[in-house]
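The values are calculated or read from the model by the stated rules, or taken from the named source; none is laboratory data. Model, not experiment: these values are computed from the prediction. Please note: Cβ atoms are built from the backbone with ideal geometry, for glycine as well, and neighbour counts cover all protein chains shown. When the accessible area is computed, the model is the full protein with side chains, heavy atoms only, and any ligands, DNA or RNA have been set aside. Shrake-Rupley method; radii C 1.70, N 1.55, O 1.52, S 1.80 Å.
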Amino acid sequence: MDENQYDHLIGKIYDAAVMPELWPVFLEQLSDTFKSKGTALYLVDFADRSSTCRSDGISFIQTVRTDPETVVSYERYYSKVNVWLENSKDLPEGELITSDRLFPVQEFVKTEWYNDWLKPQDYFHAMIGHLIKRDTLTVRLSIFRSKQQPFSADETALFARLVPHLRRSCMIHKKFFEVKSVLTTDTVLLNRLPVGLVVFDKCGQAIFVNHMADILIRSSDGFCLDAAGRCLTGNANETRALNQLIGNAAELGQSNAMSLHRDSTKRPLSAIVISLKNQPLPFFDSEPSVVLFIGDPDMLLDLDGNLLMQCYGLSPAEAKLATALLRGQTPGDYAKTQYISNNTVKTQLKQVLAKTGTHRQSELIQLLTTGFGMLASPANTALTKD
């Protein structure tokens, strides 16, 4: 292999670190380079000699040039009888070894490992490297060849040059997808907020909109975004004022608030502009500068009644009443919509207050709003009778 080919192979290693779909592409090219009959980048747990050779498509755990059923058989059984494993478990991270140094050849050819798994695939020699080791877990790369193709000293030296790059690529891949996982988690949490949230960059363009904000935007009643991701309200004066508040927050670090009137008979939206100046968040493509919280006082919210039941020991009926009160219904209105008596509702409310440690309905609402209210979601339907 000349230097240009080597550099190209190194490039493929690092491309795969951030684009997992390229790991098989890299392993195929690696197989071509070393004339491999099969190549596997897999996970070994030396505590029980178990192996994971298949992935969900976003992992560097990949196997090429090996029949899928054969891979499954290795995971289920043959990793337990792999005579190379025991003698390679102490191989340091970042180092490699050839299989002829792991087990005497004259004994190796008599083993179940060779005769039942390797030989049917025309595997005999292997070059093995440990890329990452954590306690008993090891990320292991194995390149298999036939009996007529032992690895030369030059090939072993070339593979040794690749191992540090493979180690770094696996570490980059791991870190990259940890960050991506945090981003996904953050998005899920922001979408659970019962208040609209829009994040803007320093130019006043929206770079993130949560689920509640999307509902408000699609209603186009008092607030929306134009095609460029800038704020629009129900009238020109409020649009200018809101965009000015966002600009001041981005440039001067000022936070402020205003009301956004609606064309409908609903009450105004509350718009709270918070500066993120000097508070960088690393999980957006553009650096966020301002966050806008939009509250809709007429938006009905649903609590997860199961959470109330688990936390306070409420019955299903009591949890349903607590949800209705948080949504703004009075006990009398709730009795009418549920076709039950006022006395029944009073009895249920008394039980809810006792179980939640509150004494008045206002205390109950405060408790639910500051706790479970932050996990509420927009109600899709009105409360119905049980």
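Answer yes if at least one residue in segment 179-197 is surrounded by 14 or more Cβ atoms within 10 Å (Cβ to Cβ) and either among the small types (G, A, S) or modelled with pLDDT of 90 or more (or both), and no otherwise.
Within segment 179-197 (the criterion being surrounded by 14 or more Cβ atoms within 10 Å (Cβ to Cβ) and either among the small types (G, A, S) or modelled with pLDDT of 90 or more (or both)), the answer is yes, since at least one residue qualifies.
For segment 297-314, enumerate the residues that are open to solvent by 40 Å² or more (accessible area, probe 1.4 Å) and either among the hydroxyl-bearing types (S, T, Y) or part of a helix (DSSP H, G or I) (or both).
N306, L307, M309, Q310, C311, Y312
Identify, from the list T358, T384, T347, the residue that is at pLDDT 90 or above and in a loop (DSSP other than H, G, I, E, B).
None of the others qualify; the one that does is T358.
If I ask for residues that are loosely packed, with under 15 Cβ neighbours inside 10 Å and not hydrophobic (A, V, I, L, M, F, W, C), which ones from segment 157-167 would you list?
R161, P164, listed by residue number.
For the list (1) in contact with a strand residue (DSSP E or B) (Cβ under 6 Å, 6 or more places away or on another chain); (2) open to solvent by 30 Å² or more (accessible area, probe 1.4 Å); (3) without any contact (Cβ under 8 Å) to a residue 60 or more places away in the chain; (4) closer than 30 Å to G371 by Cβ, I need the number of the one condition that N210 fails.
Single failed check for N210: (2).
Residues are listed down the side, and each one gets a yes or a no for (1) assigned to a helix (DSSP H, G or I); (2) over 31 Å from the mean Cα position of the chain (by Cα):
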residue: S51; (1), (2): no, no
residue: E69; (1), (2): yes, no
residue: E75; (1), (2): yes, no
residue: E86; (1), (2): yes, yes
residue: I97; (1), (2): no, yes
residue: Y114; (1), (2): yes, yes
residue: K119; (1), (2): yes, yes
residue: A126; (1), (2): no, yes
residue: P150; (1), (2): no, yes
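Which condition from (1) more than 20 Å from E75 (Cα to Cα); (2) part of a helix (DSSP H, G or I); (3) not β-branched (V, I, T) is the one that P24 breaks?
(1) is the only condition that P24 fails.
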